[in-house]
Amino acid sequence: MPLAYKIWLLTSLYLAQGLPYGFFTQALPVLLREQGFSLTAISATTLLFAPWALKFAWAPLLDHTGSRRRWLLALQLGAVAGAAALGLVVDLGAALWLLLLSLFAFNLVSATQDIVTDGLAVNLLSARERGLGNGIQVGGYRLGMILGGGLLLWVFAQSGWQLMFLGMAVLLAMTALPVFVLREPAPASPASPPPRALVLGWWPRLRQPGIPAFIGLICLYKFGDSMGASLVGPFMHDSGLSKAQIALIKGTFGSAATLAGAAAGGWMAWRLGRRSALLSCGLLQAASLVLYAVAALGDGGPPLIAAACIAEHLLGGMAVVALFTLMMDASDPQHAGTDYTLLSCALVLIHGAAAFTGALLADAAGYGALFVVSVVVATAGCLVLVGAIDRGAGPARLRELWTRRITSELHAPAPAPGA
């Protein structure tokens, strides 16, 4: 399969996930506030994002029933139909319950599509292409969020919600185009498990040798960064920045830096190899939080905070791509969607735990202490992960690619699936 087609396909699929997510997390709160909802009520809508944390429960079903092409077409076209149907609503205020129900439905569809897409990516991308693929994953998703939370909100301001939702439907329809010509590789194991085995099919995958330890290691790798990054918004507010300044720094500069970081991280994972990329990106990610610590303990003002935000998004984007590449390496191609989903759900849960821990620490000791501790924990997490895999921790399939430089693979055949 041509690499150009893989890039088109994966960019479209990850953009399709970010598009409704960006709208419902960034644009929808503005619409709800306009309808007079309290901030507490608006924050309660985050409960409707539960499918993203629970998607591991139905991942085995998607791995072992039907083809990924059929699943993707059904999910993509279902999202198109849902957006078009919302465009027919005459009074958004009177049908707000429908909008909230749609929020849950879109999250369910997007989370399910993510399972299928991740499983497809593990099987389509060779070992030397996975860094590039994960750069596309992070960049495409972020681009979708920018379009969903920025462009569609602008359309709403200019022309109302009907044209906005129709615009969403058109964009989602465009992302489905490469799926129509998808030709999947033959499955390594054509036999499907009995339906009863799929109900709790994630549990045996969670108990595979090396997987529990690997989950603990990747969670430790992200804990420090998540702890500090989760409170950047409140820190900016409490530092005296206006809403316009925060939107410019986090929304515009931060999003652009994330896209650049995704590209740089993909290049490093492809060019330097897994170990070098993960170690260097992880340490740089921890270093980016130092700027926040200096701003919190000193008096750097908006310029230093802006520099910290750009560095955090740029270097954090690089680290995420390096980590996602390692997670793809750890996923068994025969159970790719389930394995990768278990790992990503663990990161979602640890992000919530880290954010709560960071809030407790900031309340007790201030932002300066929070960011200093975040730097220490992020650095330790990076070194512990790299050192543990050096000693053979994690699934056995990691070891072949862990220390190999990808540049030595440029003219070599890709390893067989499951190698």
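Every number in this text was worked out from the coordinates using simple rules, so none of it is lab data. As the structure is a computational prediction, the values presented were derived from the model and not from experiment. Note that each Cβ is placed from the backbone with ideal geometry, even for glycine, and that neighbours are counted across all protein chains shown.
Here are a few things to note about the model shown:
- Simple point charges give the picture: +1 on the Cβ of Lys and Arg, -1 on the Cβ of Asp and Glu, and for segment 219-278 a dipole about the Cα centre of about 260 debye.
- Peptide ranges 385-398, 52-65, 115-128 listed from the most packed, as the mean C-beta count within 10 angstrom indicates: 115-128, 52-65, 385-398
- Sequence ranges 103-113, 150-160, ranked by mean other-Cβ count within 10 angstrom, highest first: 103-113, 150-160
- Since only Gly66, Leu200, Ala157 are under comparison, the one whose Cα sits farthest along the positive direction of the charge dipole of the chain, derived from C-beta charges on Lys, Arg, Asp and Glu, is Gly66.
- Maximal additional length on extending the Ser38-Leu77 stretch stands at 10.6 nm, based on 0.36 nm per residue less the C-alpha distance.
- Projecting the Cα positions of Ala121, Gly233, Gly167 onto the charge dipole of the chain (unit charges on Cβ atoms of Lys, Arg, Asp and Glu, taken about the Cα centre) puts Ala121 furthest along the positive direction.
- Charge context of Gly381, other residues only, Cβ under 13 angstrom, K/R +1, D/E -1: 0
- Taking θ as phi - 60° and the Karplus parameters 6.51, -1.76 and 1.60, the scalar couplings of segment 288-303 work out to 4, 6, 4, 4, 5, 4, 5, 5, 6, 8, x, 9, x, x, x, x Hz in sequence order, x denoting glycine and proline.
- In the chain, the calculated helix contribution to ellipticity at 222 nm averages -24000 deg cm²/dmol per residue, counting -39,500 (n - 2.57) for every DSSP H run with n ≥ 4.
- Positive-end ranking of Gly368, Leu385, Pro303 along the dipole of the chain, with charges on Cβ about the Cα centre, is headed by Leu385.
- Summing charges over all other residues whose Cβ lies under 9 Å from the Cβ of Gly131, with Lys and Arg as +1 and Asp and Glu as -1, gives +3.
- Taking Cβ atoms as reference points and 14 Å as the exclusive limit, the residues near Gly150 contribute a net charge of +2, counting Lys and Arg as +1 and Asp and Glu as -1.
- Whole-Hz couplings from phi, Karplus 6.51/-1.76/1.60, listed for segment 209-220; x for Gly and Pro: x, x, 5, x, 5, 5, 4, x, 5, 6, 5, 5
- Peptides 357-369, 265-277, ordered by how many other C-beta atoms sit within 10 Å of their residues on average, highest first, read 265-277, 357-369.
- Karplus 3J(HN,Hα) series, Hz, for segment 100-116 with 6.51 cos²θ - 1.76 cosθ + 1.60 (x for Gly, Pro): 5, 5, 5, 4, 5, 5, 5, 5, 5, 5, 5, 5, 5, 4, 5, 4, 5
- Charged-residue dipole, Cβ positions (Lys, Arg, Asp, Glu), the chain about Cα centre, Debye nearest 20: 900
- Computed FRET value (nearest 0.05) for Leu96 with Ala4, which takes r as the C-beta separation and R₀ as 60 Å: 0.90
- 5 angstrom amide H check on Leu125, placed H, neighbours 5+ away: none
- Note: relative contact order over the chain, using C-alpha pairs below 8 Å and six or more positions apart, is 26 percent.
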